[in-house]
Amino acid sequence: MAVLSATRKANILSVVIPAYNEEGGIAEIIERVLAIRPKLADAQVDDLELIVVDDGSHDKTADIAARYSQVHLIRQPVNRGYGAALKTGFSQARGNLLGFLDADGTYPPEHFPNLCRVALTENADLVVGSRMSGSESEMPLVRRIGNFIFANLVSLLSNRRISDSSSGMRVIRREALPRLYPLPDGLNFTPVMSTRALHEEMCWREIPIPYKERVGRSKLSVVQDGTRFLYTIIWTAMNYNPVRILGGIGLGLAVIAGVIAATIVGMRLSGVTQLGPWGVVSVFAASLCAVFGVTLFSLGATFNYLVSLFHKQPIRQGLFGKPMFKRPLERHFGWMGLAAMGLGLALGTGSLILSLDGWTIERLWFWLLSAVLLLLVGLQLAVFWLIMRVLDELSRRELEVDRDLAG
């Protein structure tokens, strides 16, 4: 153990290794982790704790780990999953720094001192060993492509650039763990952790590490686990900034509707009064895109207020990750809805007057359809504005009560 200075608290690194049927590689990885103790002292880490969580293995994994007196072995009677094994290890760890890596030899424990050094010197909450930052990697091409996609998805949803969202080698400050929980029990533990950490605005650092092909057969299913990764990343992001996802889809649909509508208006003004089959389909698609777009955007903005209620503080992340307007766009939904309904009512009334004056439906159908859409969209905007105003008041109530009580 390193000698402590008079002013510094002891830093202990607890490394958790989840293991399920890893008899072929568990001994090597244990010995490699134990061998880093001298270098940890140079990183101001005073002690090392190694925890192996045998997750219901059917082979000799637990028996091999039990031979090492410096290993704290935890046996789980049934296989509960990768994430569950890690959480069990964290719950029994004594270190202020929590590290983990796989039992299959793919990650280099020799890089733990560097990860710990960054955590301590830069006060980072989470330090990730990145397999995608240029170091030597033996990762199969399919998994490399998948990791690239997921890292960019997490970056897009959180508005913070990262290179590896699914790395299984990390160091976490113990005090940061409650903000990361809850986390799933399966292999999607790490991408969900990444998504949550970035949305919680934790201090995140990535350190390039080499990556080797695993010992034995991989337990990762590209299709099944890839689908689970995608679902849980999106769902976790929805818990923090729903308008980023729903609003993005809604905005895309609204743009499509606008392009189609502009094309049809141009055709109508040029004298075209009849549409062919594709024209009818385009009008139908534009109508659906307009209604769905406004609905999804409004739902996303509404859910953001619900998120702020849960966190008990006003949260304003927005569609583009940061405010684009001095006042949030949804604050304008009230007058926008009334304006849309007024314009729709005017178009409908004008079309009725023109029909009484002898205009045929061939000349009026577009304006009648536009009137209906404007009335429907305007009503949606007005209703959502009312809902969001109530939610906004509720989200601020506790803060205003404390302010009033303080005088």
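Tabulated results
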quantity	calculated
Residue check for LEU183: buried (at least 19 other Cβ atoms within 10 Å of the Cβ) and at pLDDT 90 or above	yes
Some residue of region 104-111 being surrounded by 18 or more Cβ atoms within 10 Å (Cβ to Cβ), on the phi > 0 side of the Ramachandran plot and in the same structural domain as ILE51 (by TED's automatic domain parsing)	yes
Any hit, region 328-339, residues being over 30 Å from ASP402 (Cα atoms), at pLDDT below 85 and either of a type in the set (D, E, K, R) or buried (at least 17 other Cβ atoms within 10 Å of the Cβ) (or both)	no
Any chance MET139 is in a loop (DSSP other than H, G, I, E, B) and either without any contact (Cβ under 8 Å) to a residue 60 or more places away in the chain or not assigned by TED's automatic domain parsing to the domain that holds LEU230 (or both)	no
Test: residue in region 340-356 that is within 32 Å of the chain's Cα centre (by Cα), assigned by TED's automatic domain parsing to the domain that holds GLY252 and either at pLDDT 80 or above or within 15 Å of ALA382 (Cα to Cα) (or both)	no
Residue check for LEU73: surrounded by fewer than 19 Cβ atoms within 10 Å (Cβ to Cβ), in a strand (DSSP E or B) and in contact (Cβ under 8 Å) with a residue 12 or more places away in the chain	yes
Output for region 223-265, where each listed residue is loosely packed, with under 13 Cβ neighbours inside 10 Å, closer than 30 Å to THR360 by Cα and modelled with pLDDT under 85	VAL265
Residue within region 179-187 that is closer than 24 Å to ALA19 by Cα, in contact with a His (Cβ under 7 Å, 6 or more places away or on another chain), in the same structural domain as GLY95 (by TED's automatic domain parsing) and not in a helix (DSSP H, G or I) present	no
Some residue of region 57-75 being modelled with pLDDT of 95 or more and within 23 Å of VAL192 (Cα to Cα)	no
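The values are calculated or read from the model by the stated rules, or taken from the named source; none is laboratory data. Predicted model, so just to flag it, every value in this text is computed and none were measured. Neighbour counts are summed over all protein chains in view; Cβ atoms, including those assigned to glycine, are modelled from backbone coordinates with ideal geometry.
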